[in-house]
Every structure is written in structure tokens, then in C-alpha cells.
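Remarks on the structure that follows.
The values are calculated or read from the model by the stated rules, or taken from the named source; none is laboratory data. In this text the structure is predicted, and so the values were computed from the model without any measurement. All Cβ positions, even for glycine, are placed from backbone atoms using ideal geometry, and neighbour counts span all protein chains on display.
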Amino acid sequence: MPNHASRRTLLTVAAVAAVTAAGAASAAVGTARDPDGPAPDDSRPGDRAPGRSPARQSPGAGPRETMERMSLAELVGQLFVSRAYGHAATEPDSEDVALNQKAFGVRTPAELVARYHLGGIVYFGWAHNTRSPRQIAELSAGLQRAAADSGAGVPLLLSIDQEHGAVARVGRPATLLPGAMALGALALGTAGSTAEARRAARIAGSELAAMGIRHNYAPVADVNVDPANPVIGVRSFGADPQAVAALVAAQVRGYQGAGVAATAKHFPGHGDTGTDSHVGLPLMTHTRARWEELDEPPFRAAVEAGVDVVMTAHIVFPALDPSGDPATLSRPIVTGILRERLGFRGVVVTDALDMAGVRQKYGDDRVPVLALKAGCDQLLNPPDLGLAVRSVLAAVESGELTRARIEESVLRILELKARRGLFDAAARAVDPARAADAVDAAVGIPAHLAAAGEIADRTTTLLANPVGLLPLDPADRPLLLVTGTDPVSPTGTTGPPTAVLARELSALGCRATALPPARAVAAAPGNAAVLVCTYNVPEGESPQRELVTRLLATGVPVVLVAVRNPYDPARLPACAAELATYTWTDVELRAAARVITGTVRPVGRLPVPVPGRYPLGHGLAYG
């Protein structure tokens, strides 16, 4: 790394600090207003128009002016959002250097940005990007420095999947909030109020902004009507399209009110599929009328709320396009429905292009070109970035794609960057050290942690309590055994669930012990109750079903705590009490403990029906 940064570098790093500090300040007080709304180097010296100077971003340049100065290679680079391995932009660990060299032919994330003139980087835990909030802020600043020093000097749009709940990349000490279905349960339990969903998104957005992340792939706008859906489930707000629509709109406003671009996904709807598009190509069998009734409302609501980005799904939807192409590559779906029918004028991003669902019919060289022809703007994480870039450049040179078509998408992307403050802030001379200060001022602060707990307290759903076992009175110092499944948390920074639940119950006055299932049955006698955490219980016989059956045979009252999908009770024998938490993160399990002890009253209502057991909207209260 050079000792002396250029003025343009300092301006861009200052931009990161300025926008993150602004995001931190707005969210901390919660009153910010909503905004309007191996591979060769593919850069070619001969593709710049004669007499055209490099498109270096100056403080006063707008999106169109910037675009008009860009070479074809720079324009194409803006279309791509790629992974990059490492916790630091210029000095990643040796393991990540090897991964970058194998995947991209470069050593560092900074070199990757410069080589391909990238429009964005997406952060992943498995790519070693998300060790801690302060590290993420430093990585963001380093990547923006690399973008400033590349040919175009255009700021990056840094993105992440931070849905909260079942999908999260940034863990503690950042604030972890209830996920979508938990918020759906809260809304049904509070007469349809979406205020807490918006509040959660505002908090989440402000913390991302403080880390230099200005684009979140959330909220999920899919309506989950298939209990066996292997990829959506609790990531959805529920099964009622109007309720989902209201919550999607609320979260769009919350994220964007914090200065972070929201993404409604996965268009045209992934909530009734039996295949995970990460590993296969799902088939959606809805009729056009069914789609309009069930799947369309949340996306229409997102568009009307001014959502910045819509993400496409890698699903085949014959009623909308009989060609057999996945929606990501379908012009009738992306342009005909999303653009023309719904009137969406923002950025369309593909779901990740390394997923199996989009790679089955066409090769990796054709997928990026076909996605652009369909109407997509951003191409997310292609498996072979060099091949993808070369394919798009070749398509322009052959006339299959025009430069005007590329510019159409680039202009949308640059306008989004401007709307999220990435250009405006470049004119503000702020000390880069403020980026770290912004993290400390906004991420995992007491006010946010307290708000997460308050929100979670109203999500837990009491499904059954036939003999009035609950609430347990902590004053009686009941002896409790906690056992069951202990899935790893989404971020790897919380849990395990049984230990968290036992710890919180003990903190509230109970005498609770967590034991693994192999020891639980023998230890059950003598306890006032046994609490069993279950996680996505399958149909038929299973170890979880066997555990519950054996615990019931001891005669000790069993409390079932479904920590992910609320469908578990339908696949298990009836218990003395049954609850759904919708997420197995600490904030939800602590809230469940407070409901179990009566410290707070159960408020949540089922946002999905549990076939054969409970209708949509079901939920009990204490008498």
C-alpha cells in the first residue's frame, strides 16, 4: 500500500466515513426521514472513444456525466457484484490470497475491484469478510479506496444478505433482530401494525450503513404457502399476501430511511416451491390468476413504497413465461411484468449466478448476457467472473447487446449510488477515522439491543396450553430441564439454543439445566417440566419425534419450543404446552423464556397455518 494517497482516494474514503457517520447519527435517534425514493485483465485500451478522458469521479459529477466518460470495460464492470475473499482489502490472510488467485487471478480484493472496474462487492462469512463490525468498516473503506484509484473512480455499492433471523452474515456485537416470520407474528398479534417491522429495518439499516454497507438483500417478499418449502420458510413474513405486502413496504421504508438500499426478493415469487434454487431449478405451478392474487401483492407494495432494488428468482414459471427459462433470464417476466406491469424503474439484480437454478439450461458464458437481455441490471456473483465479463464485452462487440443497453443499466446503478449518498458525500472532507467512530456510535449500542428485545417479546406465539401449565412461576423456583436440537446460529456468534434458553430461565428465577438429548430422558424425572427445542421436524419418524415421545413417556410435562418453522407441532405428539419462536438466535430464545415465565405475555399470532393443527392467526394468551 502506498504511503501517500491521492486526493481522489482521500475523497472516496472520506465519502465512506461521511455516509457511515450520517447513517449512524440518523439511526441512533430513530428520526431520519425516508429518502425519495485465473482470468486475464479484460480492460482494453482500444475501447475508449477517441479523445475521451478517463471517467474519474469528481465531487461535482452526476451519474449521467460520469457514465458518459466511461469506457466500455468500465461500463460493463459496473454491472457486476462479486464475492472477494478476505477480511482486508489489501492485506488478506494467505488462505484468502490463494482463493482470490484461484478464482480471479489476483491476490487481494482491492486488485479485484481495480482489474474488473466492479460496481459492487457482496460480503459473505464464508469469504471471510465479516469478522466484526469494525473490521467490516475498515474493509469497506479499503475497497472504496481501490475503486477510487481504478479507471472510473466510481464508488462501490457494497452489499450483504442481512435479513436477520434465519439469514444473517454479521453477528455480535452487532444487533441481531427477529426475522421476517417473527415480525409477521408480531403484526398479527398487534392488529396488523407494521411499526415494529419498520423499526427493526431502520435499526438494521443504520448498523449496515455504519459499516459502509449501503445495499441489503432484504426484505423477502415471497408469500410462504408451502410448509415443505426448503429455502424460504421463516424468511417470509407469512402466508397472507396482504399482510406480507404491508410488512414488505414497512421494511423498505425502514431500510431506505436509514440510507440503505432495500431489495424485494425473489421476483416473481419463491414461496410455493418444493425445490431449493441453490441446488436445483424450481417449478412454480401457479396460474396467472393465482400469481396475481398471491405472489404479486408484496412486490407491487414494494414498488409503490419506492424500493430501490428487486431481485429475480431462479425459478421456472410457465404461467408467466412458457419458454422454460428461469425468471432471471425471462424478458416476459423481468421486462414485461416487473418493468411494464408493475412500473418498476429501479435496479433489477439477479439472484446469485453461481446457483444451480440458473445454470441448468445455459452455460456460464450465456447466463450474464441473457440476464441483461431479459432486463436485469446487476449480475450477482457469477461463478467465473472473468468469463462473465468477457462474455458481456463480446456480446456488445458482436451486436447481440448494444452499448445503449449497457448504459441503460449503468445509469440506473449510478443513480442508485447517488441516491444512497455515495457521490454527494465525496465532496465532504471528513477524517477517514470517523468510519470507525461511526461503528462505535451505531452498531450494537444499548438502545438498539433494548429495542431488539422489546420487539422479540411480542413475537413468541403460544400455540397450546391445554392444562394451563404456563406460565411457570419463577417464585416457585421450578426445576427445569432444557434439551433438544442445537443448530448453529446463522452468524456463528450466538447460541447454542438450549443453553441460551436455560441460562435465561435461570436468570429469571428458575433452576434450569441444559442437557443433550442422549442424557435428557434419564434426567427428566423430578423436574417440574422438560423444555424441548425442535428444529424443522420432518414428516414421519425422526430422532426429534423419538425424543419427544420418550420424554412424554416419563410423565413429566413437556413444553415444545419450535425454534424455526412453526410446523413442528403437526409432526409431533401433542405436548403440555407448545410455542413457536421462528428463529433460534439469542434474542428470540430470551424472549421465549420471558413468555414461559410470564415475565411478558404472549402476543404473537401464527402468520402461517399449521396444517392439521392450527389456523393462520392462531395464538393464545394467558388468562
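The figures follow:
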| read-out | value |
| --- | --- |
| Selection status of A127, assigned to a helix (DSSP H, G or I), farther than 29 Å from M70 by Cα and at pLDDT 95 or above | no |
| Test result for I413, of a type in the set (V, I, T), closer than 16 Å to L75 by Cα and under 23 Å from the mean Cα position of the chain (by Cα) | yes |
| Enumeration of residues in the range 318-342 that are buried (at least 24 other Cβ atoms within 10 Å of the Cβ) and hydroxyl-bearing (S, T, Y) | T328, S330 |
| Qualifying residue in the range 364-375 (condition: assigned to a loop (DSSP other than H, G, I, E, B) and either among the basic types (K, R) or surrounded by 20 or more Cβ atoms within 10 Å (Cβ to Cβ) (or both)) | yes |
| Subset of the range 392-423 [part of a helix (DSSP H, G or I), closer than 17 Å to K373 by Cβ and among the charged types (D, E, K, R)] | E397, R403, R405, E407, E408, R412 |
| Index of the failed condition, K361 passing every other in (1) of a type in the set (D, E, K, R); (2) buried (at least 19 other Cβ atoms within 10 Å of the Cβ); (3) within 27 Å of A394 (Cβ to Cβ) | (2) |
| Count - residues of the range 259-276 that are buried (at least 24 other Cβ atoms within 10 Å of the Cβ), at pLDDT below 95 and of a type in the set (S, T, Y) | 1 |
| Unmet criterion (only one of (1) buried (at least 24 other Cβ atoms within 10 Å of the Cβ); (2) farther than 24 Å from L247 by Cβ) for G526 | (1) |
| Qualifying residue in the range 224-239 (condition: touching a strand residue (DSSP E or B) at 6+ places or on another chain (Cβ under 7 Å), within 13 Å of P607 (Cβ to Cβ), at pLDDT 95 or above and crowded, with 24+ Cβ neighbours inside 10 Å) | yes |
| Residue in the range 130-139 that is touching a Ser or Thr at 6+ places or on another chain (Cβ under 8 Å) and surrounded by fewer than 24 Cβ atoms within 10 Å (Cβ to Cβ) present | no |
| Within the range 591-602, tally of residues that are touching a Ser or Thr at 6+ places or on another chain (Cβ under 7 Å) and more than 13 Å from P474 (Cβ to Cβ) | 3 |
| Qualifying position, being assigned to a loop (DSSP other than H, G, I, E, B) and more than 14 Å from the chain's Cα centre (by Cα), among V231, V223 | V223 |
| Complete set of residues in the range 189-217 that are among the hydrophobic types (A, V, I, L, M, F, W, C) and surrounded by fewer than 24 Cβ atoms within 10 Å (Cβ to Cβ) | A191, A195 |
| Single unsatisfied condition, L247 versus (1) assigned to a loop (DSSP other than H, G, I, E, B); (2) surrounded by 24 or more Cβ atoms within 10 Å (Cβ to Cβ); (3) modelled with pLDDT of 95 or more | (1) |
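Yes/no matrix, rows are residues, columns are (1) more than 25 Å from D476 (Cβ to Cβ); (2) outside the structural domain of R235 (by TED's automatic domain parsing); (3) aliphatic (A, V, I, L, M):
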residue	(1), (2), (3)
V561	no, yes, yes
N565	yes, yes, no
L589	no, yes, yes
V608	yes, yes, yes
Y614	yes, yes, no
G623	no, yes, no
